[in-house]
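The values are calculated or read from the model by the stated rules, or taken from the named source; none is laboratory data. Just so it is clear, the structure is predicted and the values come from calculations on it, not from any experiment. All Cβ positions, glycine included, derive from the backbone under ideal geometry; neighbour counts span all protein chains shown.
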Amino acid sequence: MTEGLLRDGARSTGGLPRATARENLALATTFFLPSLARGTITSSPRGHALTTRLDTMARAQRVLSGLRERYGGRSVLVRGVSGPTVLVLERADIERVLTGSDEVFTLASREKLSGLGPFLDGTLLLSRGGPRISRSAFATSVLGVSELYEGFARVAAEEAATLVPGVLTYSAVNDCWNRVARRCLYGEGARDDTELSEVLAGLRRAGNWLGVRRGRQARLSARYDALIAGHLSRAEPGSLAGLIPSLAPGAEVCPARQAAFWLMGFTVPPPGLMQALALLASFPGGSLSPSYVRACLLEGLRLWAPVPALMRTITSEVTWGGETLPAGTGVLIPLILHARSPQLPYADRFAPEIWMDGTAEAEWLLGPFSRGPGQCKGMNLALHVGTAFLEALLALARPVLERPLGDPLPLMLDTMHLRLTMEPRLTREPRLTEEPPRLAEESR
Ligand code: HEM
């Protein structure tokens with residue numbers, strides 16, 4: 001791309017285009033600041049309500065469209081939260097970053113290190129080099145043991161049944177799902193350990209302060225580690241913790257740290273579950289087969305991504321757009337905005353079919369679980385248990401929203417304040433047991 005192809009006033013030094021001061025300000029006020037208000041590590045109910053009322057995402061989407069138009073759809077160097085950052089706008093660049101080396105494009109970005117560093121030190125997400133390789137293999141060999149999944153689906157169904165009939169709120173679903181998470185991860189002995197989930201919630205809230213509340217994080221972290229160690233020591237058969245002793249992981253793997261992180265992974269699905277139910281309430285009539293319910297879960301995660309952006313930091317010089325970017329440059333893939341890109345014909349409508357016919361898999365603008373070497377290691381587990389949870393709810397009751405979502409779907413949904421009435425079904429829906437189609441993403 002030459003300067004001649006850029007619209008008037010845009011700056012390019014022959015390499016990546018640079019956002020102007022005005023564009024940086026627009027990005028900061030419509031994307032970065034609202035993201036901080038919503039919570040970078042955990043969602044803040046007040047921040048969610050406020051940013052949804054202000055419809056900040058629509059403003060951010062307009063800023064992104066402006067950048068695409070001005071710079072010919074190329075990725076742009078912007079001023080990010082932690083300094084110069086490539087805002088990735090091109091499909092080919094998304095593919096390049098996500099399939100590239102996780103040593104060069106490290107997941108342990110500056111923002112994550114400041115928000116999560118104090119209590120997630122030693123976890124896969126924040127690891128590099130040799131330790132990252134052994135921790136990644138360990139995570140895959142524990143989280144991918146599908147023989148345990150049937151038992152987990154039963155746990156999810158049992159807990160989900162306690163929610164109906166009644167009105168589903170975010171906090172009721174969250175508490176119920178936390179029981180599912182503790183049972184799958186650490187076994188029956190952890191079912192009622194609500195303190196564990198509360199300490200984790202406190203740690204995540206402290207993480208939102210991007211390293212400012214380190215003292216509080218350290219205190220909570222010590223308590224969290226002690227509770228996790230207690231649960232791991234039982235190594236309950238049928239739970240993920242029960243698999244660890246037979247794998248005999250080396251000290252470098254820090255199994256307790258990984259097992260502590262997995263509970264955090266399990267805090268991501270509740271917004272997705274609420275969103276899927278809101279979609280099913282608004283667009284009834286689907287088959288309720290496992291593959292359709294799973295597609296609805298994925299569609300909720302696309303439309304209102306709980307992980308709104310992927311962040312990386314470049315660790316050694318990288319040539320990009322004809323220029324050399326120094327180590328320390330940030331990389332930002334705004335998943336939540338790409339998933340609603342005007343380039344996608346289904347951007348703002350309910351389109352579960354894209355998760356069943358290969359469309360989503362082929363589209364680099366989509367990836368609620370990321371892709372490539374940094375793809376979520378709990379993806380299959382989360383989708384399996386989440387689908388079982390939804391299936392059990394839907395077999396017993398029909399979700400109803402007082403004001404169903406319309407078409408086009410809103411860019412922002414105040415998931416934490418949704419209320420869904422579960423109307424008991426007169427006859428139990430027959431459980432459709434066809435195998436869900438394997439997403440090709442899973443084999444990447
Ligand atoms: C709906 C549920 C979930 C979603 C949408 C989700 C999404 C993600 C995303 C986007 C990443 C990449 C982060 C990045 O690039 O910075 C990630 C990483 C990860 N997730 Fe999940 N996640 C979910 C559930 C889980 C669960 C249940 C677990 C574990 C039990 C888990 C374990 C992990 C791990 C270990 C990583 C780090 C991967 C690595 O560093 O290579 N996730 N997840």
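Filter the stretch 283-314 down to residues that are in contact with a strand residue (DSSP E or B) (Cβ under 8 Å, 6 or more places away or on another chain) and within 25 Å of F31 (Cα to Cα), then give me how many there are. Steps first, answer last, please.
Step one: of the stretch 283-314, the residues in contact with a strand residue (DSSP E or B) (Cβ under 8 Å, 6 or more places away or on another chain) are 284, 309-314.
Narrowing the set further to residues that are within 25 Å of F31 (Cα to Cα) leaves 309-314.
So the count comes out to 6.
Within the stretch 315-333, does at least one residue satisfy the condition of being touching a Phe, Trp or Tyr at 6+ places or on another chain (Cβ under 8 Å), among the hydrophobic types (A, V, I, L, M, F, W, C) and surrounded by 24 or more Cβ atoms within 10 Å (Cβ to Cβ)?
Yes, because at least one residue in the stretch 315-333 is touching a Phe, Trp or Tyr at 6+ places or on another chain (Cβ under 8 Å), among the hydrophobic types (A, V, I, L, M, F, W, C) and surrounded by 24 or more Cβ atoms within 10 Å (Cβ to Cβ).
On the given criteria, is E353 surrounded by fewer than 20 Cβ atoms within 10 Å (Cβ to Cβ), under 30 Å from W177 (Cα atoms) and more than 12 Å from the ligand (Cβ to nearest atom)?
yes
Looking only at the stretch 361-368, decide whether some residue is more than 16 Å from the ligand (Cβ to nearest atom) and free of Cβ contacts under 8 Å to residues at least 12 places away in the same chain.
Yes, some residue in the stretch 361-368 is more than 16 Å from the ligand (Cβ to nearest atom) and free of Cβ contacts under 8 Å to residues at least 12 places away in the same chain.
Checking the structure you have, find out if any residue of the stretch 162-170 is assigned to a helix (DSSP H, G or I) and within 11 Å of the ligand (Cβ to nearest atom).
Quick first cut of the stretch 162-170, residues assigned to a helix (DSSP H, G or I) only: 170.
Retained after the next criterion (residues that are within 11 Å of the ligand (Cβ to nearest atom)): none.
Scanning the stretch 162-170 turns up no residue that is assigned to a helix (DSSP H, G or I) and within 11 Å of the ligand (Cβ to nearest atom).
If you scan the stretch 111-130, which residues turn out to be part of a helix (DSSP H, G or I), within 12 Å of the ligand (Cβ to nearest atom) and closer than 21 Å to P326 by Cβ? Working first, answer last.
Just the residues of the stretch 111-130 that are part of a helix (DSSP H, G or I), to begin with: 111-120, 124-126, 129-130.
Subset that is within 12 Å of the ligand (Cβ to nearest atom): 111-113, 115-116, 120, 124-126.
If the condition is that a residue be part of a helix (DSSP H, G or I), within 12 Å of the ligand (Cβ to nearest atom) and closer than 21 Å to P326 by Cβ, then E111, K112, L113 are the ones that fit.
Could you identify the single residue in L280, L297 that is modelled with pLDDT of 95 or more, part of a helix (DSSP H, G or I) and within 9 Å of the ligand (Cβ to nearest atom)? First the steps, then the outcome.
Working: L280 fails: within 9 Å of the ligand (Cβ to nearest atom).
L297 is the lone residue from the list that is modelled with pLDDT of 95 or more, part of a helix (DSSP H, G or I) and within 9 Å of the ligand (Cβ to nearest atom).
Being within 29 Å of the chain's Cα centre (by Cα) and of a type in the set (G, A, S) is the filter; apply it to the stretch 13-39 and report the residue that is surrounded by the most Cβ atoms within 10 Å (Cβ to Cβ).
Filtering first and then ranking leaves A19.
Can you tell me how many residues within the stretch 305-331 are part of a strand (DSSP E or B) and more than 21 Å from H48 (Cβ to Cβ)? First the steps, then the outcome.
Filtering the stretch 305-331 down to residues part of a strand (DSSP E or B) leaves 310-314, 318-320, 323-325, 330-331.
If we keep only those that are more than 21 Å from H48 (Cβ to Cβ) too, we end up with 312-314, 318-320, 323-325, 330-331.
The number of residues fulfilling the criteria is 11.
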